[in-house]
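Structure first, then comments.
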Amino acid sequence: MKTSGTDERIKIAVQKSGRLTEHSMDLLTRCGLSYSRGKDRLICYGENMPIDVLLVRDDDIPSLVQEDVCDLGIVGLNIIEECSLAMRADGETRLFERVTSLDFGQCRLSFAVPRGTPYQHPDSLAGKRIATSYPRIVAAHLAQHGLDAKVVVFSGAVEIAPSLGRADMICDLVSSGETLKAHDLQEVATVLESRAALIRTPIELGPEKLQWMQRLLQRIEGVLQVKESKYIMLHAPRAALKEITALLPGSEAPTIMTLEGTEDKVAVHAVCRENVFWETLEQLKEAGASSMLVLPVEKMLS
Ligand code: PRT
Ligand code: ZN
């Protein structure tokens, strides 16, 4: 069995400069990683963990992870899907793995046509010239529907293809929809919902590296859980306990403590794995809760 190189430091590929950069570095910082930047500014050296960050173009991340230059990578599902299709077409049998989805980089890969063009999905795709930076995803979508169309590859500025007369429609990433609007295009169907994800090499890791990898993954899960979580403390009449605990969003087994000097009142402490909104507090109050406190959770390890 091939195991990852002799270097015992974990390498993570992160986008150098773009939409995912700040979120990716923030995630690693929240996992406790402190780092210094190399002179070439292409590598961040972990100071308190054997983890280094390679700053690269997002399109290169899957192959760096696939080829074991990096052990982990943070990249959008759109790139993961396009690269996986390319690697499979090249006959790769063991592909990099997707470890977990992250909570940033949300967008969708959608078809769009010039405003006012009649369109019925998917039949209207037949015979069209479709401009995209995701030729394999589009080709797979066409094949899935048994349709034939011409895929025109654009590496950027896909939205200008119809006005240049290079394509009848496009397939591109959309988040707010403003870019499509500015180019008089209309979104008609979504091919892929995307967000950033963590991927790992298909190569087995040596024991030391594996241990650090597991530690880091556990911390990442912790960071993801914490972002939405709140710690809630309140007083409740014992008789209303069932109703009150049912109102706590996403909480398992709250701690119930008797309040000194009272028979009928208890203190309830719970971690809520969803945000606690004012509406929830108002419902809790109506159910009899009082002295409610909602606190942010800083770290969590299950
Ligand atoms: O230089 P490098 O190759 O690393 O960067 P890049 O220019 O290829 O990528 P970048 O930074 O633009 O995006 C990185 C990743 O962010 C993408 O692969 C997606 O996973 C994710 N993402 C999230 C987006 C968007 N939202 C997004 N809106 N990537 C691109 N866009 C573009 C889209 O292509 C279109 O041009 O934004 C425009 C549409 O945005 P709206 O808000 O007007 O709809
Ligand atoms: Zn890119």
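Scanning for something loosely packed, with under 14 Cβ neighbours inside 10 Å, under 16 Å from L210 (Cα atoms) and not aliphatic (A, V, I, L, M), does the stretch 74-97 turn up at least one residue? Within the stretch 74-97 (the criterion being loosely packed, with under 14 Cβ neighbours inside 10 Å, under 16 Å from L210 (Cα atoms) and not aliphatic (A, V, I, L, M)), the answer is yes, since at least one residue qualifies. In the stretch 244-253, is there at least one residue being assigned to a strand (DSSP E or B), more than 23 Å from R219 (Cα to Cα) and touching a Ser or Thr at 6+ places or on another chain (Cβ under 8 Å)? Among the residues of the stretch 244-253, not one is assigned to a strand (DSSP E or B), more than 23 Å from R219 (Cα to Cα) and touching a Ser or Thr at 6+ places or on another chain (Cβ under 8 Å), which makes the answer no. Restricting attention to the stretch 124-145, which residues are assigned to a loop (DSSP other than H, G, I, E, B), under 15 Å from A112 (Cα atoms) and in contact with a helix residue (DSSP H, G or I) (Cβ under 9 Å, 6 or more places away or on another chain)? A126, S133, Y134 - these are the residues of the stretch 124-145 that are assigned to a loop (DSSP other than H, G, I, E, B), under 15 Å from A112 (Cα atoms) and in contact with a helix residue (DSSP H, G or I) (Cβ under 9 Å, 6 or more places away or on another chain). With respect to (1) away from ligand 2 (no atom under 16 Å from the Cβ); (2) surrounded by fewer than 20 Cβ atoms within 10 Å (Cβ to Cβ), the lone exception for R136 is condition (1). Within the stretch 155-193, the set of residues being closer than 20 Å to V75 by Cα, crowded, with 19+ Cβ neighbours inside 10 Å and not aliphatic (A, V, I, L, M) comprises C171, D172.
Scanning the stretch 271-290 for residues that are assigned to a strand (DSSP E or B) and modelled with pLDDT under 95 returns V271, C272. Remark: pairs (first residue in the stretch 69-91, in contact (Cβ under 8 Å) with a residue 60 or more places away in the chain; second residue within 16 Å of ligand 2 (Cβ to nearest atom) and part of a loop (DSSP other than H, G, I, E, B); Cβ separation under 6 Å; 6+ apart in sequence or on different chains) = G76/G105.
For the stretch 190-208, filtering for residues that are more than 12 Å from V69 (Cα to Cα), out of contact with any Cys (no Cβ under 7 Å at 6 or more places or on another chain) and in contact (Cβ under 8 Å) with a residue 60 or more places away in the chain leaves 12. Checking each residue in the stretch 19-37 for being surrounded by 13 or more Cβ atoms within 10 Å (Cβ to Cβ) and of a type outside the set (F, W, Y) picks out R19, L20, T21, H23, S24, M25, L27, L28, R30, C31, G32, L33.
Among the strands (runs of 3 or more DSSP E) contained in the stretch 146-243, which hold 1 or more residues that are away from ligand 2 (no atom under 16 Å from the Cβ) and among the polar types (S, T, N, Q)?
Details: elements: 150-153, 169-174, 185-194, 196-200, 230-237.
Those strands (runs of 3 or more DSSP E) span 185-194.
Tell me whether the stretch 212-226 contains one or more residues that are surrounded by fewer than 16 Cβ atoms within 10 Å (Cβ to Cβ), in contact with a helix residue (DSSP H, G or I) (Cβ under 9 Å, 6 or more places away or on another chain), modelled with pLDDT of 95 or more and of a type in the set (D, E, K, R). Within the stretch 212-226, none of the residues are surrounded by fewer than 16 Cβ atoms within 10 Å (Cβ to Cβ), in contact with a helix residue (DSSP H, G or I) (Cβ under 9 Å, 6 or more places away or on another chain), modelled with pLDDT of 95 or more and of a type in the set (D, E, K, R).
The values are calculated or read from the model by the stated rules, or taken from the named source; none is laboratory data. What you are looking at is a predicted structure, and each value in this text was computed from that prediction instead of being measured. Cβ atoms come from the backbone with ideal geometry, glycine included; neighbour counts cover every protein chain shown.
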